[in-house]
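First the structure, in the form of C-alpha cells, and then the observations on it.
Since every read-out is calculated from the coordinates, none of them should be taken as a lab result. Please read these numbers as outputs of a predicted model, since none were measured by experiment. Note that each Cβ is placed from the backbone with ideal geometry, even for glycine, and that neighbours are counted across all protein chains shown.
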Amino acid sequence: MSWVSSYFASSVGKKSVMALTGLSLVGFLVVHLVGNINMLIGSDAFNHYSHFLLSFEGIYVLEAVLAALFLLHAFFGLMIAFQNSQARPDSYSVQTKSGRGTTFASSTMPYTGTIILIFLILHLFDLKFGEHYSVPNEEGVRDIYKLVLVYFSKPLHVAWYIIAMISLAIHTSHGFWSAFQTLGFSHPKYDGFLRKSSIAYAVLVGAGFSFFAIWAYLQHGGNV
Amino acid sequence: MSDEMTLYLQVWRQKDSKSKGGFQNYKVENVSGDMSFLEMLDMLNENLAREGKDPIQYDHDCREGICGACSCMINGEAHGPGKKTTTCEMHMRHFNDGDAIIIEPWRAKAFPVLKDLAVDRSAYDKIIMAGGFIEVKYGNAPEANSMMVGKEVADFAMDNAACIGCGACAAACPNASAMLFTAAKTTQLSLLPQGKVESKKRVQSMIKKMDELGFGNCTNERLCEAACPKGISIISIARMNREYMGTLLKSDY
Ligand code: HEM
Ligand code: FES
C-alpha cells in the first residue's frame, strides 16, 4: 500500500477526513443561513441572491465540491460506525451512565447523521430540483421565494424540517468540538471555549434554520 | 450499623475462549468495608473451593495499582465506580449492605475472554512491539542537564508514562478503541529528546498495529479518560493525531 492509501485506511486518517469535511460543512451552513436572511428582505432580494449564485461561472465546481464533502463525510462516518460495531462483538450486559464522558449527542452521531443525509436528499429534491416558478418580467430568474413559501405552507413539511434541524443541532453540538479534538486542537487553555462554541453553533443553526421554516409557514404561501 | 456487608454478585463464568459464557449468582457474607474488591473475590473463591466448586478466574498481580492486571467491569464501569482506581485499589466501602454487583470481563474483539473474568490483553503488548520503544543507541546516561527538557514537557511525558496498560480505556470505550493507550505510549516517548528522533515512524507503525488488531475507531466519546486509573487525558490523543497527520507530508528524516 502506498503511504497515501495507508494513511486514509487508518483510523486516524479516516477521522481526519471526517473532521475536515465536517468542519467545511459547518462553514457551509453558516453561509447558507446568512444567505437565507435575504428571504426576510423580500422576494426580489431572495430571488436575485439565488440568481446571482447560480449565474456564477464556477458554480458547478463549487456544487461538486460541496457534494463531495457530504458524500465523503457520510461515507467515512457510516464506515467508522460499522467498523466500530465489529470491534465489540459481545456487548456488555450492564451499561451504566457514570456521567463521565459520552453524551447523548456523541453516542448518536451515526443516527443523527443518517437523518441529515435523508433530509438533504429530500431537501434538494423538493427545492433545488423542485417546481420551477419564473419571476414575471425577468428573463431566466427563478422564483425560488415563491417555491419556499408554497413548500413551507404545509405543516408536515415544516415539522419534518424542524426534526431534521434538531438532529443537525444534536450532531453538530458534539461534531464541532469533536472535529477540533480529532485534528489535534486540544488544550486546557481553549478546550472549554471549543465546547461552549460547539453548543452555541448547534443552537445557532438549529434555531436559525427552523426560524426560516416557521417564518415561511406564517406567510401562508404568499397569498395573504 | 454493622460494618459487615452481605453482597449479591452476578459473575460472568466462561469455561474457555471457545465456550459460551453466562452469569452465575453468588451471595457473599461478612464483607468488610476495608477489604479490597479482590479480597472480596478471594473470600468468595475460598468458599467455592471449600464447596468443591471451580473458583472464579480473574487476573491480578501487584494489588497496588501498578501492574494493570486486575481487569473487570463492575456494574458497567471499568474497575468499578471509584475514580482513578484499579479494581485492586477499590475498597468495598464504596458499596452498601445488600447491593447487587454485576461483574463482567473486558469485552472487545481484540481482548478475547480466556476464562471467566480473565481476558487476553496481549494485543496491547503487540502495539508496544510495533514501535513503543527507542531503537537509537544513546550510550550511557548523559551528563545531567546536558539535554534540556522543560519542566512542563517532562511532567506531561511522565503523566503519560503512568499508563499501566490495564486495558480499561478500550474496555470502557463504546467503540473498543485503544487510542488512549496508544496515545500515552507514543506521547511518553515523543516528547523527550531520545524518543523524538523516531516519532513519525513510531506513530505510524503503532497506529497501524492498533487498527490491525481489531480495535475500533475513536469518536471522541471520552469514556477512556473517565475510566483511566492513571487519569491520562484525551489531550494525548489529540497530540498523537497531530503527529500522525504530520506523517502524511513528513518523515523522520
Ligand atoms: C450538514 C451536515 C453535517 C455536518 C455539518 C456534520 C458535521 C460533523 C462534524 C464536525 C463531525 C465531527 C468529526 C470528528 O469528530 O472528527 C461529524 C461527525 C460525524 N458525522 Fe457528520 N456532519 C453532517 C452530516 C453528516 C451526515 C450526512 C452523516 C452520515 C450519515 C454524518 C455522520 C457522521 C458520523 C457518524 C460522525 C461521527 C464520527 C465521529 O464522531 O468521529 N454526518 N459530523
Ligand atoms: S493487581 Fe496490579 S493493578 Fe490491580
Q: Kindly identify segment B:66-157 as rounded, prolate or oblate by the Cα gyration tensor criterion: order the square roots of the eigenvalues as a ≥ b ≥ c, call it rounded if a/c is under 1.5, otherwise compare a/b with b/c, prolate if a/b is larger, else oblate.
A: oblate
Q) What list of ³J(HN,Hα) couplings, whole Hz, do you get for segment B:161-166 from phi and the Karplus terms 6.51, -1.76, 1.60, once you set θ to phi - 60° and write x for glycine and proline? A) 5, 5, 4, 9, x, 6
Q.
Which one, A:V17, A:V31, A:V205, has the greatest fluctuation when you compute a Gaussian network model over chain A with C-alpha springs under 10 angstrom?
A. A:V31
**Q.** Per-bin percent of Cα-Cα distances, segment B:5-115 [5 Å]
**A.** 2, 12, 22, 27, 21, 12, 4, 0
Q | Spherically averaged projected area in nm², based on the convex hull that wraps the Cα atoms of the protein assembly as shown | A | 30.8 nm²
Q | Only Lys, Arg (+1) and Asp, Glu (-1) charged, at Cβ; segment B:5-115 dipole about Cα centre in debye | A | 580 debye
Q.
If you filter segment A:109-198 for chymotrypsin sites (Phe, Trp or Tyr not before Pro), then keep DSSP loop positions with at most 12 other Cβ within 10 Å, what is left?
A. A:F129
(Q) How high is the relative contact order of chain A? Use alpha-carbon pairs under 8 Å, at least six apart in sequence, and give a whole percent. (A) 27 percent
Q | Alpha carbon convex hull of chain B, projected area averaged over orientations, nm² | A | 16.2 nm²
Q.
Counting other beta carbons within 10 Å of each residue's own, what order do B:T85, B:T247, B:T6 fall into, fewest first?
A. B:T6, B:T85, B:T247
Q. Using Cα pairs under 8 angstrom and six or more residues apart, how large is the relative contact order of chain B, in percent?
A. 19 percent
Q) Among the helices of chain A (complete DSSP H runs), which have Cα atoms covering no less than 15 Å along the helix axis and a Kyte-Doolittle mean of at least 1.0? A) A:11-36, A:59-86, A:109-123
Q. Working out 0.36 nm times the residue gap between A:D90 and A:S197, then minus their Cα-Cα distance, what length gain in nm do you get to one decimal?
A. 34.9 nm
**Q.** Size of charge dipole - chain B - debye, nearest 20, with Cβ of Lys, Arg +1 and Asp, Glu -1, no other charges
**A.** 1260 debye
Q: Name the most mobile residue of B:E143, B:E39, B:E51, meaning the one with the largest mean-square fluctuation, in a Gaussian network model of chain B with Cα contacts below 10 Å.
A: B:E143
Q) Considering the Cα trace of segment B:129-207, what is its radius of gyration and what is Dmax, both in angstroms? A) 14.0, 46
Q: In square nanometres and to one decimal, what's the mean projected area of the convex hull around the Cα atoms of segment B:80-224?
A: 11.2 nm²
